[in-house]
Amino acid sequence: MSSPTHTTADAQPNGTGSAGSSDTPTPAAHLYGGREAHKRLHIIVVGCGLGGLAAAHCLAQAGHTVTLLETARRIADVGAGIQVSPNVSRLLARWGLGPALAASGVVAEAIVFRRYVDGEVVGYSRWGAAMQAEHGAPYFHVHRADLHDMVHGLAAASPRVAIRLGATVVAVDPTPAPDGVSVTLAGGEVVRGDLIVGADGIKSVVRGVVLGRADAPEPTGDAAYRAIISTDAMLADPELRPFVDTPEMTAWMGPGRHLMAYCIRGKKEYNLVMMHPDDGSVESWSAEGSADKLRADFADYDPRLSISASVRRLLALVDSTLKWRLMDRKPLETWLHPEGRVVLLGDACHPMLPYRAQGAAMALEDAAVLGSLLSHLGVSSPSTTEGDGDGNAPSRAWPAQLAALLRAYERLRHARTAATQASSRLNQHVFHLPDGPAQRARDTEMRAAMRDELARHTPHGAGAAADGPTHAGNANQWADKSKNVEQFSYDADAAADRWWAEEGADALYELDAAQR
């Protein structure tokens with residue numbers, strides 16, 4: 001099975017009908033230095049979100065053909081702000097999206113933590129050039145729709161990728177047959193391929209097939225408002241203008257609630273995310289909320305008529321808002337079906353709460369690792385003499401190699417995503433402490449890290465970073481140097497390459513040799 005086909009009216013090769021800008025990615029070098037799989041698969045990717053699109057791009061770069069199935073009939077301008085930290089901006093740059101990201105995004109200069117009641121700054125970590133210097137890539141704030149459009153452009157540009165909108169998967173057959181595994185669409189059509197990648201999000205259909213059971217979410221007790229306001233009015237307000245002039249990510253922390261805000265779209269828009277106790281929301285990205293209810297829920301934030309009244313001024317500019325319930329799911333026991341031909345990716349296997357801002361990053365990392373690993377599929381042992389002029393002929397052991405590569409993908413990704421999920425849950429607790437001893441201890445920890453951070457960036461403190469406190473376990477996770485290195489210096493491509501060099505090549509060569 002070597003290529004996707006288009007047999008129904010909903011087939012839209014290369015993403016015809018996509019909404020958004022028409023920015024063309026800057027041509028980039030082949031992701032794997034020209035390496036492509038010797039055994040080329042037809043891969044069905046379910047879900048056209050960021051993870052599914054990234055998977056389609058990386059798998060196509062690895063030499064495979066991809067049919068991407070998406071329920072929606074059009075790709076709409078949905079979502080709000082999203083954070084693109086160095087661990088994923090480095091990947092996007094390799095994919096040729098660096099210029100588009102810089103044009104659309106805003107480099108975050110710092111993260112600032114404030115008290116809800118008076119706006120006092122209790123925590124601060126410098127980002128900007130420091131983030132680039134310490135982790136090798138920038139930290140951007142962008143609109144989710146803009147990022148989605150960029151990654152969609154990559155997938156749509158590939159002749160190996162067919163994007164089918166209005167294609168709802170209702171059933172999955174994970175058992176390999178002579179003509180592969182298959183999914184059934186709502187209209188009854190059966191789509192067959194060699195491998196199925198479930199990138200169908202938090203309400204994944206594919207996840208239930210992989211696990212063999214339902215995976216019920218757990219309520220967090222929180223819901224979130226999302227809103228975007230124009231910065232024109234902010235620039236006209238002396239109190240709000242600094243939030244635009246110096247594009248920091250600002251968090252106001254309070255009992256059971258917090259507000260996070262930052263600039264997007266070249267500082268033309270300001271993104272607001274407001275977590276609060278759930279009072280009957282739904283688990284949806286598109287459910288509308290009440291702007292008046294939002295303002296009432298945060299009425300005690302910065303109540304005084306002074307510079308501390310910035311939250312009230314910001315919320316007064318909100319005309320409309322979206323609201324969604326935050327549900328949690330524990331790490332899964334497996335991402336891979338026992339038959340070895342259905343695997344999960346992104347929110348389908350490790351949905352992230354938003355308190356660490358790593359959900360999209362983890363999905364794109366998944367895609368990068370999966371693509372890199374599957375670029376080795378079908379490799380033959382160097383000791384064999386069979387050749388096809390392009391390298392070794394595809395190994396007859398490719399089914400066993402595929403299973404080994406998918407197990408490696410899960411092993412390389414599972415622990416990292418589970419740790420990131422745990423970091424997100426921790427921030428929910430830290431940000432929402434009630435006023436009292438624990439809150440005061442949190443603020444004291446954050447202030448200590450802030451003093452050291454500010455001292456590092458004074459003329460007298462320059463160069464002190466190497467020998468300064470590491471602030472391990474600080475309530476401000478962005479002040480914890482070891483956590484920053486673990487989260488932001490991570491390179492998904494390097495992780496896959498390291499596995500291949502240390503154990504993967506030998507494992508696949510042994511599987512090939514056993515078939516000869």
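The values are calculated or read from the model by the stated rules, or taken from the named source; none is laboratory data. Everything quoted here is computed from the prediction, not taken from an experiment. Ideal geometry is used to build each Cβ from the backbone, glycine not excepted, and the neighbour counts take in all protein chains shown. We work out accessible area using only protein heavy atoms, side chains counted, and drop any ligands, DNA or RNA first. Shrake-Rupley method; radii C 1.70, N 1.55, O 1.52, S 1.80 Å.
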Quick check: is even one residue across segment 374-383 part of a helix (DSSP H, G or I), within 30 Å of GLY359 (Cβ to Cβ) and either at pLDDT 95 or above or basic (Lys, Arg) (or both)? yes
Output the number of residues of segment 198-251 satisfying the condition of being of a type in the set (S, T, N, Q) and without any contact (Cβ under 8 Å) to a residue 40 or more places away in the chain. 1
With the condition kept exactly as written, say whether any residue in segment 463-471 is closer than 30 Å to VAL210 by Cβ, surrounded by 20 or more Cβ atoms within 10 Å (Cβ to Cβ) and of a type outside the set (S, T, N, Q). no
Can you go through THR231, THR175 and tell me which one is open to solvent by less than 10 Å² (accessible area, probe 1.4 Å), over 23 Å from the mean Cα position of the chain (by Cα) and modelled with pLDDT of 95 or more? THR231
Of the residues in segment 426-453, those that are within 24 Å of ASP222 (Cα to Cα), open to solvent by 60 Å² or more (accessible area, probe 1.4 Å) and in contact (Cβ under 8 Å) with a residue 12 or more places away in the chain come to LEU426, PRO434, ASP435
Would you check if VAL206 is out of contact with any helix residue (DSSP H, G or I) (no Cβ under 7 Å at 6 or more places or on another chain) and among the β-branched types (Val, Ile, Thr)? no
Residue match in segment 332-345 (condition: within 16 Å of the chain's Cα centre (by Cα) and either not in a strand (DSSP E or B) or not acidic (Asp, Glu) (or both)): yes
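Filter segment 92-101 for residues that are under 18 Å from the mean Cα position of the chain (by Cα) and on the phi < 0 side of the Ramachandran plot and give the result. Give the derivation first.
Looking only at segment 92-101, we keep the residues that are under 18 Å from the mean Cα position of the chain (by Cα), and these are 92-98, 100-101.
Passing the criteria: LEU92, ALA93, ARG94, TRP95, LEU97, GLY98, ALA100, LEU101.
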Which numbered condition trips up ASP302, out of (1) modelled with pLDDT under 90; (2) open to solvent by less than 10 Å² (accessible area, probe 1.4 Å); (3) part of a strand (DSSP E or B)? (3)
Going by what's in this entry, would ALA418 be described as in contact (Cβ under 8 Å) with a residue 60 or more places away in the chain and either touching a Ser or Thr at 6+ places or on another chain (Cβ under 9 Å) or over 17 Å from PRO351 (Cα atoms) (or both)? no
Quick check on segment 389-412. Is at least one of its residues more than 30 Å from GLU503 (Cβ to Cβ) and surrounded by fewer than 19 Cβ atoms within 10 Å (Cβ to Cβ)? no
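Any residue at all in segment 323-331 that's open to solvent by less than 10 Å² (accessible area, probe 1.4 Å) and modelled with pLDDT under 95?
Within segment 323-331 (the criterion being open to solvent by less than 10 Å² (accessible area, probe 1.4 Å) and modelled with pLDDT under 95), the answer is yes, since at least one residue qualifies.
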Looking only at helices (runs of 4 or more DSSP H) that fall completely inside segment 196-245, which ones have 2 or more residues that are out of contact with any strand residue (DSSP E or B) (no Cβ under 6 Å at 6 or more places or on another chain) and within 21 Å of PRO338 (Cα to Cα)? 205-211
Tally, over segment 205-228, of residues that are under 22 Å from GLU70 (Cα atoms) and either open to solvent by 40 Å² or more (accessible area, probe 1.4 Å) or modelled with pLDDT of 95 or more (or both): 8
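Working carefully through the options ALA199, ALA251, ALA186, find the one that is at pLDDT 95 or above and open to solvent by 40 Å² or more (accessible area, probe 1.4 Å).
ALA186
I'm trying to understand the selection: among the residues of segment 472-494, which are among the acidic types (Asp, Glu) and open to solvent by less than 30 Å² (accessible area, probe 1.4 Å)? Steps first, please.
Our first condition is that a residue be among the acidic types (Asp, Glu); within segment 472-494, this holds for 480, 486, 491, 493.
Matches in segment 472-494: ASP480, ASP493.
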